[in-house]
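Nothing in this text is a laboratory measurement; each read-out follows from the coordinates by a stated rule. Please read all numbers here as calculations on a predicted model, not as lab measurements. No Cβ is skipped: glycine too gets one built from the backbone with ideal geometry, and neighbour counts run over all protein chains shown.
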Amino acid sequence: MALIYDGGLPHSALMPGDRVAVWISGNALEVKKIFFGVPYYILLSSLVGIEQPSPERLLIHWLSVLGSHMTLRLREDVKRNQEPRDVAKLRDQLAPHIRRRFEPDVLTSDFRPLFLKWLRGLYDLRCRNEVEVEVKVISPLVQFLGYELHQVHLRVPVRVQVGRQQVEGEADWVLDRADGSGPLVVIEAKAPSEQLDESVRAQARSYAFALLAPYYLLVNGRVLEMYELRTTGDEKLLSCPLTEVGTHWSTLERIIGHNKQPQENGTTHSSSE
């Protein structure tokens, strides 16, 4: 569906007047620039209302990552003698979702003011080295994901298999499940000057594999990446600039929140890997 973006969406990749494509994608409304840019997803569970003030105009209201109601104004690029049916179709598709119980995609606790302040601070973040990445990014991230102190371990010794030899490594951060059943995620911190390339990913993966942790994160002060460990090729679950962490907070909380429980997810470990 070709539309004109008319302002209201808190996303640096879109400017008023840009042409965008909009459709339902899984459990989210996907907004994508037609000519360039990456998709922007609005969780359907965060939609709070829709309006159609005119046949060619649709207003979609949702709770933004900054905790306030924002409006996405979509105006269909209607050609002469063309009926704007797509807007009505999108409205009908969205209607069932706003009748469900509203569940905001941001923290709703005493930590929320600090959480929002941290999110805003990521736009002007400056980290000189790996330690500052851990203090300014990873430590708050772990806190806001709800982890208790006993679930957080730093500089964890790990023996990894390199060829026929075992080598002693050190996982920067290891987060345990709330039920004490074992590690959930390994976090590898890097300085902003370092790229999150294949060697960094392989390092984090080896730690996650050895510790039986199903997920691992890579953070270098500019970008965050999250992977799920799989025997048939790890799946990249998320890759975004730190300035967009708030946009993807629901994903982070759902997958690696502190109360994540063990489940069958296709992740298996083999001693021959």
Quiz item: Which of the trypsin sites (Lys or Arg not before Pro) found in region 187-230 are in a DSSP loop and have at most 16 neighbouring Cβ atoms, other than their own, within 10 Å?
Solution: 230
Practice problem: Starting from the Cα gyration tensor of region 124-181, take the square roots of the eigenvalues, sort them a ≥ b ≥ c, and report rounded, prolate or oblate (rounded when a/c is under 1.5, otherwise prolate if a/b is larger than b/c, else oblate). | Solution: oblate
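Using 0.36 nm times the number of residues separating residue 212 and residue 155, minus their current alpha carbon distance, what extension gain do you get?
Stretched out fully, the residue 212 to residue 155 stretch lengthens by 18.9 nm.
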Quiz item: Straight-line reach from residue 32: which lysines have a Cα under 22 Å away, not including same-chain ones fewer than 8 places off?
Solution: 79, 89, 236
